[in-house]
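The values are calculated or read from the model by the stated rules, or taken from the named source; none is laboratory data. Computed from a predicted model, the values in this text were never measured in an experiment. All Cβ positions, glycine included, derive from the backbone under ideal geometry; neighbour counts span all protein chains shown. Side chains are part of the model used for accessible areas, which takes the heavy atoms of the whole protein and leaves out ligands, DNA and RNA. Shrake-Rupley method; radii C 1.70, N 1.55, O 1.52, S 1.80 Å.
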Amino acid sequence: MAKADRLDRLDKQRIDWEADYRAALIEALKVTAAGQWGLFDHRADKVARKAVAPTIEALEDLAHSIDEARETLFLEPFELHREFLAARGPVASNAVGEPKQARAWLDRLAAEK
C-alpha cells in the first residue's frame, strides 16, 4: 500500500504542478498580449531575453518536475510545455507578432478549459 500511496501523492502533486505551469504561462501570455515582446523569442533582443528569462526559467523548472513525475507514473510527457517550446524561436518575417501569437494562445487555452 505504501507504494500506491506514494504514487497517488505524486499524481496529485503533478496535477498541482500542471495547474501552476498553466497559470504561470497564462500570466506570461497576458503580458505578451499586452505588447511586451520576448516570451516567444522571435527577435534577437538581449534586453527582452533578459527580461523574460526568469519566467522561462520558472516554466522550465516546473516542466522538468512535471515530466519526472509523469515518467514515474508512466504517463506521456507534458505536451503543453513541448508546444510552447516549439512556438519559441526565430520566425519568418511575415509571421504574426508575439502579441497576436500570445492572444491566440490565450484563446486556445481558454477554449480547452
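Using Cβ point charges alone (K and R +1, D and E -1), the dipole size of the range 11-113 about the Cα centre works out to roughly 580 debye. The lysines within cross-link reach of K12, meaning a Cα-to-Cα straight distance under 25 Å and a gap of 8 or more places when in the same chain, are K3, K113.
Can you tell me, using C-alpha contacts under 8 Å and at least 6 residues apart, the relative contact order of the range 1-90 as a whole percent? Relative contact order here is 36 percent. Surface composition of the chain: carbon plus sulfur atoms hold 55% of the accessible area, using a 1.4 angstrom probe and ignoring ligands, DNA and RNA.
Sites listed here are chymotrypsin sites (Phe, Trp or Tyr not before Pro) in the range 24-89 whose DSSP assignment is loop and whose Cβ has at most 10 other Cβ atoms within 10 Å: F74. Our helix-only sum for the chain, with -39,500 (n - 2.57) per DSSP H run of n ≥ 4 divided by its residues, gives a mean residue ellipticity at 222 nm of -25500 deg cm²/dmol. Listed options for Rg and Dmax of the Cα atoms in Å are (i) 12.1, 33; (ii) 16.0, 57; (iii) 15.1, 53. The value calculated from this structure is the one marked (ii). Which of the listed residues, A63, N94, L106, is farthest toward the dipole's positive end in the chain, when Lys, Arg count +1 and Asp, Glu count -1 at the beta-carbon? In the chain, that residue is N94. For the chain, the solvent-accessible area with a 1.4 angstrom probe is 65 square angstrom per residue. Taking the 0 to 90 degree range and rounding to the nearest ten, how far is the long axis of helix 46-72 tilted relative to the main principal axis of the chain, both from C-alpha atoms? Its long axis makes an angle of about 20 degrees.
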